[in-house]
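Remarks on the structure that follows.
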Amino acid sequence: MFDWLANPNRFNRITEKIQPCILFITIITLISGLYFGLFDSPKDYQQGDAVRIMYVHVPSAWLASFLYFSLAISCVFYLVWKHPLADLVSSSIAPIGALFSALTLVTGSLWGKPMWGTWWVWDARLTSMLVLFFFYLGYILLSNAFERKIDGSKTASVLAIVGLINLPIVKFSVDWWHTLHQPASIIKIGGPSIDDKMLLPLILMIFALSFFSLYLIVLNVKTKLIEKKCEALLLKSNLEEISKTG
Amino acid sequence: MNESFWIMQGYEIYIWPSYVLTLLSLGLLFVHSTKQSQKAKKLLKQLSKTKN
């Protein structure tokens with residue numbers, strides 16, 4: 001199955017067909033998520049309209065964690081099975097995940113100020129999300145820090161796998177420690193504890209940002225495949241020139 | 001659209017920047033990735049032409 005997916009030509013052929021569908025689903029879910037989130041969902045009985053920040057904050061946080069998990073899995077495939085597309089997938093995921101973790105921190109801060117009276121606290125959830133952001137940055141910096149690309153990819157992959165330990169801390173920090181951040185209200189035992197009218201835009205926005213990420217990851221992987229082809233062509237023409245002059 | 005929608009019970013200075021920042025970042029990332037892709041395709045075309 002993975003060998004089947006590893007073929008770059010097959011990857012290009014399949015994604016060529018599904019990319020427009022992914023973009024279409026992204027646009028539809030984003031527009032409807034924004035509509036329901038801003039116009040149709042009720043105010044919170046305590047937070048009032050400030051609760052609407054949830055529709056951009058929670059999907060960003062969810063994506064930041066999920067993309068990190070995908071990044072680490074892709075790194076395992078790269079290190080263990082030398083999967084040809086795995087390194088390209090990891091390096092395509094990293095900037096998108098970093099952006100979502102940065103958005104989580106900023107929108108969380110914008111939500112925290114009116115609700116908690118402060119932009120930032122060194123609370124377990126906030127701190128572990130900041131650490132996740134640093135893991136993303138570390139991956140990006142390390143993968144570009146070496147002269148030989150392969151050395152950077154290997155070192156960055158090891159860091160990404162080590163960073164997996166932070167994911168359960170992000171998720172369960174609100175249960176393990178007393179935090180200012182509220183406990184989980186969607187993925188928890190007993191089902192979601194928020195109103196259906198709030199759950200709908202939240203799910204739509206999660207879908208929108210997930211499909212958006214998928215679209216960008218596919219696009220970035222394809223770009224990297226083309227760049228690799230260009231490098232090979234350049235190398236070939238350089239070698240031909242050397243052999244002619246030699 | 002009435003004025004109260006924009007004011008958001010006085011939380012507008014927190015809510016609107018959250019949405020604008022999120023959508024702007026996603027838009028910029030989309031434009032950047034699309035441009036990179038077009039640039040790579042153009043380069044490949046040029047190299048293939050030179051080779052032929």
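Can you tell me which of A:LEU159, A:LEU137, A:LEU141 is open to solvent by 90 Å² or more (accessible area, probe 1.4 Å), part of a helix (DSSP H, G or I) and closer than 16 Å to A:GLY97 by Cα?
Values: A:LEU159 fails: open to solvent by 90 Å² or more (accessible area, probe 1.4 Å); A:LEU137 fails: open to solvent by 90 Å² or more (accessible area, probe 1.4 Å).
Of A:LEU159, A:LEU137, A:LEU141, the one residue that is open to solvent by 90 Å² or more (accessible area, probe 1.4 Å), part of a helix (DSSP H, G or I) and closer than 16 Å to A:GLY97 by Cα is A:LEU141.
With the condition kept exactly as written, say whether any residue in the range A:90-102 is crowded, with 19+ Cβ neighbours inside 10 Å, more than 13 Å from chain B (Cβ to nearest Cβ) and in a helix (DSSP H, G or I).
Yes, the range A:90-102 contains a residue that is crowded, with 19+ Cβ neighbours inside 10 Å, more than 13 Å from chain B (Cβ to nearest Cβ) and in a helix (DSSP H, G or I).
For the range A:106-125, name all the residues that are open to solvent by 30 Å² or more (accessible area, probe 1.4 Å) and within 11 Å of chain B (Cβ to nearest Cβ).
A:VAL106, A:TRP111, A:LYS113, A:PRO114, A:MET115, A:TRP119
Among the numbered conditions (1) open to solvent by 50 Å² or more (accessible area, probe 1.4 Å); (2) within 14 Å of chain B (Cβ to nearest Cβ); (3) not hydroxyl-bearing (Ser, Thr, Tyr), tell me where A:MET205 comes up short.
Tallying (1) open to solvent by 50 Å² or more (accessible area, probe 1.4 Å); (2) within 14 Å of chain B (Cβ to nearest Cβ); (3) not hydroxyl-bearing (Ser, Thr, Tyr), A:MET205 fails exactly one: (1).
Just for the range A:214-233: of the residues that are open to solvent by less than 80 Å² (accessible area, probe 1.4 Å) and over 13 Å from B:SER37 (Cα atoms), which one is farthest from the other protein chains (Cβ to nearest Cβ)?
Applying the filter and picking the extreme gives A:LEU214.
Can you pull out every residue in the range A:28-61 that is within 11 Å of another protein chain (Cβ to nearest Cβ) and open to solvent by 40 Å² or more (accessible area, probe 1.4 Å)?
Selection gives A:LEU30, A:PHE39, A:LYS43.
In the range A:173-184, how many residues are surrounded by fewer than 15 Cβ atoms within 10 Å (Cβ to Cβ) and either under 24 Å from the mean Cα position of the chain (by Cα) or closer than 16 Å to A:ASP44 by Cβ (or both)?
4
Cβ contacts < 8 Å: first residue facing chain A (nearest Cβ under 9 Å), restricted to the range B:1-14; second residue part of a loop (DSSP other than H, G, I, E, B), any location; separation 6+ or different chain. Result?
Sorted first by the residue in the range B:1-14, then by its partner, the pairs are B:GLN9/A:LYS43.
The values are calculated or read from the model by the stated rules, or taken from the named source; none is laboratory data. The structure presented is a predicted model; accordingly, all values stated were derived computationally and were not measured. Methodologically, a virtual Cβ is constructed for each residue, glycine included, from the backbone with ideal geometry; neighbour enumeration extends over all protein chains shown. Remember, those area values only see protein heavy atoms, side chains included, never the ligands or the DNA or RNA. Shrake-Rupley method; radii C 1.70, N 1.55, O 1.52, S 1.80 Å.
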